[in-house]
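*Asks:* Questions regarding the structure given below will be posed in turn.
The values are calculated or read from the model by the stated rules, or taken from the named source; none is laboratory data. Since the model is a prediction, treat every value here as computed from it, not as a measurement. Note that we place each Cβ from the backbone using ideal geometry, even for glycine, and neighbour counts take in every protein chain shown.
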Amino acid sequence: MTNPTDSREAAQRDAAIVTAYLEASMVPDPETAARYMAPGIAIVFTGGRSFRHPREVTAFNGGRYAWVKKRMERLDVVPGEGVTTVYSLGTLYGAWPDGERFEGNRYVDRFTVRDGLIVTMEVWNDSAERLLTKHGLTA
């Protein structure tokens, strides 16, 4: 049986790992961000886009935004047997490629952390909806 104190400590450690990853990714510093990720990581973005390294995420975001940052509002941490699931919730702010600024773009990132490294990351946000609206493609 797992000691509840050990589970809480592991969950706190894993939440700190996710926060450090997110902070490095916003610089952006994909090589530092990669230090928090396990080899062979599965990173899946909205629309089912898959990446294997934070530098791929940085390149993708470089085409989608002039710049982008996260306003991290909260972390929900779910300890488990040998893994911790960490949800980061908040909003994105930044500028589209044309320089128009935006804010309040909701996001949810779900991380699975095992043995002190992120093994999966899934990302959802409202960017596609906002771009459709910006270009008059929604009712």
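*Asks:* Could you say which residue among PRO30, PRO54, PRO97 is touching a strand residue (DSSP E or B) at 6+ places or on another chain (Cβ under 9 Å) and either farther than 20 Å from ASN125 by Cα or not aromatic (Phe, Trp, Tyr) (or both)?
*Replies:* So the residue among PRO30, PRO54, PRO97 that is touching a strand residue (DSSP E or B) at 6+ places or on another chain (Cβ under 9 Å) and either farther than 20 Å from ASN125 by Cα or not aromatic (Phe, Trp, Tyr) (or both) is PRO54.
*Asks:* May I pose another question? Among the residues of segment 108-139, write down those that are surrounded by fewer than 17 Cβ atoms within 10 Å (Cβ to Cβ), under 27 Å from ILE41 (Cα atoms) and in contact with a helix residue (DSSP H, G or I) (Cβ under 8 Å, 6 or more places away or on another chain).
*Replies:* GLY116, LEU117, TRP124, ALA128
*Asks:* For GLY104, indicate whether it is more than 30 Å from SER7 (Cα to Cα), touching a Phe, Trp or Tyr at 6+ places or on another chain (Cβ under 9 Å) and in a strand (DSSP E or B). Let's see the steps before the verdict.
*Replies:* On the way: more than 30 Å from SER7 (Cα to Cα): yes; touching a Phe, Trp or Tyr at 6+ places or on another chain (Cβ under 9 Å): yes; in a strand (DSSP E or B): yes.
Here the answer is yes, as GLY104 does meet what is asked.
*Asks:* Pull up segment 41-67, narrow it to residues that are in contact (Cβ under 8 Å) with a residue 24 or more places away in the chain and either more than 21 Å from TRP96 (Cβ to Cβ) or touching a helix residue (DSSP H, G or I) at 6+ places or on another chain (Cβ under 6 Å) (or both), then point me to the one that is surrounded by the most Cβ atoms within 10 Å (Cβ to Cβ).
*Replies:* Looking at the filtered set, the residue picked out is PRO54.
*Asks:* Give the residue, chosen from GLU9, GLU73, GLU31, that is acidic (Asp, Glu), exposed (fewer than 15 other Cβ atoms within 10 Å of the Cβ), out of contact with any Leu (no Cβ under 9 Å at 6 or more places or on another chain) and modelled with pLDDT of 95 or more.
*Replies:* GLU31
*Asks:* Among the residues of segment 86-107, how many are hydroxyl-bearing (Ser, Thr, Tyr) and either in contact with a helix residue (DSSP H, G or I) (Cβ under 8 Å, 6 or more places away or on another chain) or surrounded by fewer than 17 Cβ atoms within 10 Å (Cβ to Cβ) (or both)?
*Replies:* Qualifying residue count, segment 86-107: 3.
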